[in-house]
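Novice: Could you have a look at this structure, given as structure tokens, before my questions?
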Amino acid sequence: LLPPVVEDVDTQARRELDQVRRKREPIEKYEYMMSLLDRNVQLFYHLLASNVEELMPIVYTPTVGQACMEYGFRWTTPRGLYISINDAGSVH
């Protein structure tokens, strides 16, 4: 299944930035950016690198602090690694 049109990364980034800017609260922008990271890693980093001053406060301090504090109240795609207490001493 092919899309009806293939867009270059700059066109896609402009569209995604418009979507981010439509969000009112920084935490909503953060959630949107994290969903973009889940959907398209290359586009996420292209958008971030092209708009560092605007987006870095969204994906990093201070907004990520709020996201951490509210982690249990907001659904996110699981990322990372879980090591249980039973794994102590066997992880190298």
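The values are calculated or read from the model by the stated rules, or taken from the named source; none is laboratory data. Predicted model only: the values in this text are computed from it and were never measured. With ideal geometry, Cβ positions are generated from the backbone for all residues, glycine too; neighbour counts draw on all protein chains shown. Heavy atoms of the whole protein, side chains included, go into the accessibility calculation; ligands, DNA and RNA do not. Shrake-Rupley method; radii C 1.70, N 1.55, O 1.52, S 1.80 Å.
Novice: Just checking: which of the helices (runs of 4 or more DSSP H) contained wholly in the chain hold 3 or more residues that are at pLDDT 95 or above and of a type in the set (Lys, Arg)? Walk me through how you get there before you give the answer.
Specialist: Values: elements: 9-22, 26-39, 41-50, 52-59, 63-69.
Passing ranges, in order: 9-22.
Novice: Sticking with this one: Cys68 fails exactly one of the following numbered conditions: (1) open to solvent by less than 90 Å² (accessible area, probe 1.4 Å); (2) within 14 Å of the chain's Cα centre (by Cα). What is the number of that condition?
Specialist: Of (1) open to solvent by less than 90 Å² (accessible area, probe 1.4 Å); (2) within 14 Å of the chain's Cα centre (by Cα), only one is false for Cys68: (1).
Novice: Something else now. Starting from segment 48-59, keep only residues that are closer than 19 Å to Arg24 by Cβ and of a type in the set (Ser, Thr, Tyr), then list their pairs with residues that are part of a helix (DSSP H, G or I) and open to solvent by less than 70 Å² (accessible area, probe 1.4 Å) whose Cβ atoms are within a distance under 7 Å, requiring at least 6 positions of separation or different chains.
Specialist: Sorted first by the residue in segment 48-59, then by its partner, the list stays empty.
Novice: So, in segment 8-31, of the ones that are crowded, with 16+ Cβ neighbours inside 10 Å and of a type in the set (Val, Ile, Thr), which residue ends up nearest to Tyr45 (Cα to Cα)?
Specialist: Per the stated criteria, the residue is Val20.
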